[in-house]
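Notes for the one structure printed next.
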Ligand code: DOR
């Protein structure tokens, strides 16, 4: 395996408190040394990273790879290529595949396929209920033993509180989190966007923020009752942020994530009736965004996650009411947030990197990820903070070509991604060096 010396990069490793121009040597898939002006060894292949940021590889604790069963939308090859291009070296894929990942044998099949097809580390979520039907608990124990890292019916709320209680109790025996898609099913009914002035004006059925707040409340109470770890996916409402903050202060075992789209986009964009903006939970208003930003600042929200949810362009290219929810997110996540919050001076780049590396790793207690410690895994990214580019969905490596950021000008982009000591992405292409 090649030995790499990455020289003169601006190394930002929030978990280790590093923020300086440093060299880093990679040997046999591990970080061998970090320091000022390391002396090159004969076997080193040198990468000049001056002007670039060197960061631990990003960790996405929420994505959909569509395999098995819906490979026309995405598969392990295209999904992990897209993740690598976005700088993600570990991703957690959700269980709403066809068949649903609700049995140990399906987890084993996924693991087998991941070995041959994936260019980044793919962790698996098992379903909470069989078939995501919300009626009967899935094989929680067997799937835990087969290696899933979390449980979730994401896409759906587990409406039956008794089942969610049992899932939290059962998952806690394996120290695993239960991820909740918190939207009360009856309140959202067949709503297609945030309920408010814009939905009223457009005559589209709404999904009220209260549906999220109510659903989150139950999860927090069940987490308190069981001692289990609940993770709230894609938080999008002010009420949810307030509830999670209070629960954390009380010592309840809760973690939470927020997506780039919920931080940057509002319901008003839907006045275009462009289904690229259709997502669950829905894009809300500025008032909610302000609360999400406060939540990220004070640690109520632990991580940024993409909810990469690709659909075939033809499926999205229809009337707003009929389009499926979600869109691709890996390749735009860092750049969107860097352009919107770092370039404008609202956030430090260190903060953004923390929420995409150490934050998600700590939320799920993945101690071997999210940092560049000597002896640890060589999963890292090189970022050009000044690179200007325009989002052209046709050029993205994902199959999900519908993108709410299409046409937007970005500043800052991942230029290289290394997983386990090998470059898997470089100059717009997948490599395996
Ligand atoms: O918009 C969404 N799409 N939200 C989800 O929770 C699921 C996802 C999907 O799987 O398409």
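The values are calculated or read from the model by the stated rules, or taken from the named source; none is laboratory data. Since the model is a prediction, treat every value here as computed from it, not as a measurement. Positions of Cβ are backbone-derived with ideal geometry, glycine not excepted, and every protein chain shown enters the neighbour counts.
Residue check: is residue 295 away from the ligand (no atom under 16 Å from the Cβ), within 20 Å of residue 214 (Cβ to Cβ) and either touching a helix residue (DSSP H, G or I) at 6+ places or on another chain (Cβ under 9 Å) or at pLDDT 95 or above (or both)?
Working: away from the ligand (no atom under 16 Å from the Cβ): yes; within 20 Å of residue 214 (Cβ to Cβ): yes; either touching a helix residue (DSSP H, G or I) at 6+ places or on another chain (Cβ under 9 Å) or at pLDDT 95 or above (or both): yes.
Considered against the rule, which asks whether it is away from the ligand (no atom under 16 Å from the Cβ), within 20 Å of residue 214 (Cβ to Cβ) and either touching a helix residue (DSSP H, G or I) at 6+ places or on another chain (Cβ under 9 Å) or at pLDDT 95 or above (or both), residue 295 comes out as yes.
Please enumerate the residues belonging to the stretch 274-292 that are away from the ligand (no atom under 16 Å from the Cβ) and touching a helix residue (DSSP H, G or I) at 6+ places or on another chain (Cβ under 7 Å). Steps first, please.
Restricting attention to the stretch 274-292, the residues satisfying the condition of being away from the ligand (no atom under 16 Å from the Cβ) are 285-292.
Scanning the stretch 274-292 gives 285, 287, 288, 289, 291, 292.
Being within 16 Å of the ligand (Cβ to nearest atom) and within 24 Å of residue 126 (Cβ to Cβ): is that true of residue 216 here? Don't jump to the end; show me each part of the working.
Numbers: within 16 Å of the ligand (Cβ to nearest atom): yes; within 24 Å of residue 126 (Cβ to Cβ): yes.
So residue 216 fits the description; yes.
Which condition number does residue 323 fail, the rest of (1) within 16 Å of the ligand (Cβ to nearest atom); (2) over 24 Å from residue 92 (Cα atoms); (3) surrounded by 22 or more Cβ atoms within 10 Å (Cβ to Cβ) being met?
For residue 323, the exception is condition (3).
Restricting the search to the stretch 72-87, which residues are within 16 Å of the ligand (Cβ to nearest atom), over 30 Å from residue 301 (Cβ atoms) and within 20 Å of the chain's Cα centre (by Cα)?
Within the stretch 72-87, just 75 meets the criteria.
Please identify the pairs in which a residue from the stretch 247-271 that is free of Cβ contacts under 8 Å to residues at least 24 places away in the same chain has its Cβ atom under 9 Å from the Cβ atom of a residue that is buried (at least 20 other Cβ atoms within 10 Å of the Cβ) and not in a helix (DSSP H, G or I), counting only partners at least 6 apart or on another chain.
Here the result reads 266/194; 266/283; 266/284, each pair linking the stretch 247-271 to a residue that is buried (at least 20 other Cβ atoms within 10 Å of the Cβ) and not in a helix (DSSP H, G or I).
Residue-by-condition table, conditions (1) within 16 Å of the ligand (Cβ to nearest atom); (2) more than 30 Å from residue 280 (Cβ to Cβ):
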position	(1), (2)
34	no, yes
42	no, yes
45	no, yes
52	no, yes
57	no, no
62	yes, no
70	yes, no
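Which of the residues spanning the stretch 169-207 are buried (at least 21 other Cβ atoms within 10 Å of the Cβ) and away from the ligand (no atom under 16 Å from the Cβ)?
171, 176, 177, 195 - these are the residues of the stretch 169-207 that are buried (at least 21 other Cβ atoms within 10 Å of the Cβ) and away from the ligand (no atom under 16 Å from the Cβ).
Conditions first: (1) under 24 Å from residue 184 (Cβ atoms); (2) in contact (Cβ under 8 Å) with a residue 60 or more places away in the chain; (3) surrounded by fewer than 24 Cβ atoms within 10 Å (Cβ to Cβ). Residue 305 passes all but one, so which condition is the exception?
Of everything listed in (1) under 24 Å from residue 184 (Cβ atoms); (2) in contact (Cβ under 8 Å) with a residue 60 or more places away in the chain; (3) surrounded by fewer than 24 Cβ atoms within 10 Å (Cβ to Cβ), residue 305 misses just condition (3).
Could you list, in sequence order, the residues of the stretch 355-392 that are over 23 Å from residue 124 (Cα atoms) and touching a residue at least 24 places away in the same chain (Cβ under 8 Å)? Let's see the steps before the verdict.
Pass one, the stretch 355-392, residues over 23 Å from residue 124 (Cα atoms): 372-375, 382-392.
Answer for the stretch 355-392, where residues must be over 23 Å from residue 124 (Cα atoms) and touching a residue at least 24 places away in the same chain (Cβ under 8 Å): 372, 373, 374, 375, 382, 383, 384, 385, 386, 387, 389, 391.
For the structure I just gave you, tell me whether residue 333 is within 16 Å of the ligand (Cβ to nearest atom) and farther than 19 Å from residue 283 by Cβ. Working first, answer last.
On the way: within 16 Å of the ligand (Cβ to nearest atom): yes; farther than 19 Å from residue 283 by Cβ: no.
The answer is no for residue 333.
Going residue by residue through the stretch 24-34, is there one that turns out to be in contact with a helix residue (DSSP H, G or I) (Cβ under 6 Å, 6 or more places away or on another chain) and outside any loop (DSSP other than H, G, I, E, B)? Quick ask: steps written out before the conclusion?
Residues of the stretch 24-34 in contact with a helix residue (DSSP H, G or I) (Cβ under 6 Å, 6 or more places away or on another chain): none.
Within the stretch 24-34, not a single residue is in contact with a helix residue (DSSP H, G or I) (Cβ under 6 Å, 6 or more places away or on another chain) and outside any loop (DSSP other than H, G, I, E, B).
For every residue, the table says whether it meets (1) more than 30 Å from residue 153 (Cβ to Cβ); (2) in contact (Cβ under 8 Å) with a residue 60 or more places away in the chain.
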{"position": "10", "(1), (2)": "yes, no"}
{"position": "17", "(1), (2)": "yes, no"}
{"position": "28", "(1), (2)": "yes, yes"}
{"position": "34", "(1), (2)": "yes, yes"}
{"position": "38", "(1), (2)": "yes, no"}
{"position": "46", "(1), (2)": "yes, no"}
{"position": "82", "(1), (2)": "no, yes"}
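Kindly list the number of the only condition in (1) buried (at least 20 other Cβ atoms within 10 Å of the Cβ); (2) away from the ligand (no atom under 16 Å from the Cβ); (3) not in a helix (DSSP H, G or I) that fails for residue 366.
It fails just one condition, (1).
For residue 228, only one of the following conditions fails: (1) buried (at least 19 other Cβ atoms within 10 Å of the Cβ); (2) within 16 Å of the ligand (Cβ to nearest atom). What is its number?
For residue 228, the exception is condition (2).
Does the stretch 251-262 contain at least one residue that is away from the ligand (no atom under 16 Å from the Cβ), closer than 15 Å to residue 300 by Cα and out of contact with any helix residue (DSSP H, G or I) (no Cβ under 6 Å at 6 or more places or on another chain)?
First, pick out the residues of the stretch 251-262 that are away from the ligand (no atom under 16 Å from the Cβ): 251-255.
The next check asks that each one be closer than 15 Å to residue 300 by Cα; those that pass are 251-255.
Adding the requirement that they be out of contact with any helix residue (DSSP H, G or I) (no Cβ under 6 Å at 6 or more places or on another chain) leaves 251.
Yes, the stretch 251-262 contains at least one residue that is away from the ligand (no atom under 16 Å from the Cβ), closer than 15 Å to residue 300 by Cα and out of contact with any helix residue (DSSP H, G or I) (no Cβ under 6 Å at 6 or more places or on another chain).
Are there any pairs with C-beta distances below 8 angstrom linking a residue in the stretch 320-334 that is under 14 Å from residue 414 (Cβ atoms) and touching a residue at least 40 places away in the same chain (Cβ under 8 Å) to a residue that is within 10 Å of the ligand (Cβ to nearest atom) and part of a loop (DSSP other than H, G, I, E, B), with the two at least 6 apart or on different chains, and if so which?
Once the first residue is under 14 Å from residue 414 (Cβ atoms) and touching a residue at least 40 places away in the same chain (Cβ under 8 Å) and sits in the stretch 320-334, its partners that are within 10 Å of the ligand (Cβ to nearest atom) and part of a loop (DSSP other than H, G, I, E, B) give 329/259; 329/307; 329/309.
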